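Notes for the one structure printed next.
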Amino acid sequence: MPFASNKVEMLVNLRAMLTDVFNLRNQGASYANLARAQGHVDGYMRSIIDAGIASERELLALVVDQRRIVDGPATKELQSETTLAA
């Protein structure tokens, strides 16, 4: 990954990394590959926080937003069993 020189670039890189992790999970990637990708994301996020570039709250919001983009909303309406039987 190229060197990011500012906050915007770092957050763009983080979004790309998160997209890769979510896609690996959705594709049923092996545990080793998924764990490695998650470890890279965790380390990148830790360095952003430690450097004072972004707060934990900002990164959490970014993760939630990116997960929604890749996976859709966290909840959806389900039909009851009686509705399905009809």
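Values in this text are rule-based calculations from the coordinates and carry no lab data. Note that the structure is predicted; figures quoted are calculated from it, not measured. Because the Cβ atoms are built from the backbone with ideal geometry, glycine has one as well, and the counts that use them run over all protein chains shown.
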Quiz item: For segment 61-73, in order, what is each residue's ³J(HN,Hα) by Karplus, 6.51 cos²θ - 1.76 cosθ + 1.60 with θ = phi - 60°, in whole Hz (x at glycine and Pro)?
Solution: 4, 5, 4, 4, 4, 5, 5, 5, 5, 7, 9, x, x
Exercise. Take 14, 78 and order them by how many other Cβ atoms sit within 10 Å, fewest up front.
Key: 78, 14
Quiz item: Taking Rh as the Kirkwood radius computed over C-alpha pairs, what is the Stokes-Einstein D of the chain at 37 °C in a medium of viscosity 0.692 mPa s, expressed in µm² per second?
Solution: 223 µm²/s
Quiz item: Among 65, 50, 20, which comes first, second and so on when ranked by fewest other beta-carbon atoms within 10 Å?
Solution: 50, 65, 20
